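Below is one structure, written out as C-alpha cells; comments come after it.
Values quoted throughout were computed directly from the atomic coordinates according to the rules given, and no laboratory measurement underlies them. Quick caveat: nothing in here was measured; it's all calculated off a predicted structure. Note: ideal-geometry Cβ built from the backbone for every residue, glycine included; neighbour counts use all protein chains shown.
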Amino acid sequence: MSTPPRRGTRIAHIGIAVRALDDVLPFYRDVLGLPETPLDDADGARIAGLAAGDSLVELLQPAAADSPIATFVDRKGPGIHHVCFCVDDLEGTLAKAKAAGITLIDDTPRIGAEGKRIAFLHPKSTGGVLIELTEY
Ligand code: ZN
C-alpha cells in the first residue's frame, strides 16, 4: 500500500444549512454554474453537492426533525453550518488541536459521508465556526 502524497490542507467543502434544497439549489447550480455531484445523505440530512473547483458546496436539508441540521436551522436559520478541511494527517492534526487547547467534538476520527474518516472541532474554540476535518 502506497502512502498518499502530502498535498497540504485545503477546503474540502462548505456545509450550508437550508430549509429546502429547492430554495437554493437553482442559485448555486444555475446562476453560479456549479455542476451538481451526487452525494450520500448523512447525519439526518439530505445533501446536494456542487463542485466549486477542487472544493464542494454541500447544501444540507434536515431529513429528520431531531437531526443536528434541523436544530441548527431552528435556532439560527439557514446559513453556513460548517467548513471542512482536508488534511494530510487526520490523527496528527487532532493531536495538535488538542495540544493547542481546541475543544474536540470527536476525540478520534469516525466514519462520515462517503465512507470518509472525519472529526469535528467545537466552534467555541475555532472563532465561532464548526470545523470538520477529513483526509485525502
Ligand atoms: Zn461536512
Calculated [θ] (222 nm, deg cm²/dmol) that DSSP helices of n ≥ 4 give over the chain, each run adding -39,500 (n - 2.57): -5000 deg cm²/dmol
Per-residue HN-Hα couplings for the stretch 44-56 [Karplus 6.51, -1.76, 1.60; θ = phi - 60°; Hz; x = Gly/Pro]: x, 10, 8, 10, 10, x, 10, 7, 10, x, 7, 10, 10
Within-13-Å neighbourhood charge of Ala113 [Cβ basis; K, R +1; D, E -1]: -2
Cα pair count fraction exceeding 20 Å, expressed as % - the chain: 47
Degrees, to the nearest 10: 90-99 long Cα axis against longest axis of the chain: 80
Separation in nanometres of the label points that stand 7 Å from Cα toward Cβ, at Val129 and Thr103: 1.9
Extended-chain gain in nm, criterion 0.36 nm per residue less alpha-carbon gap, Ser55 and Asp41: 3.2 nm
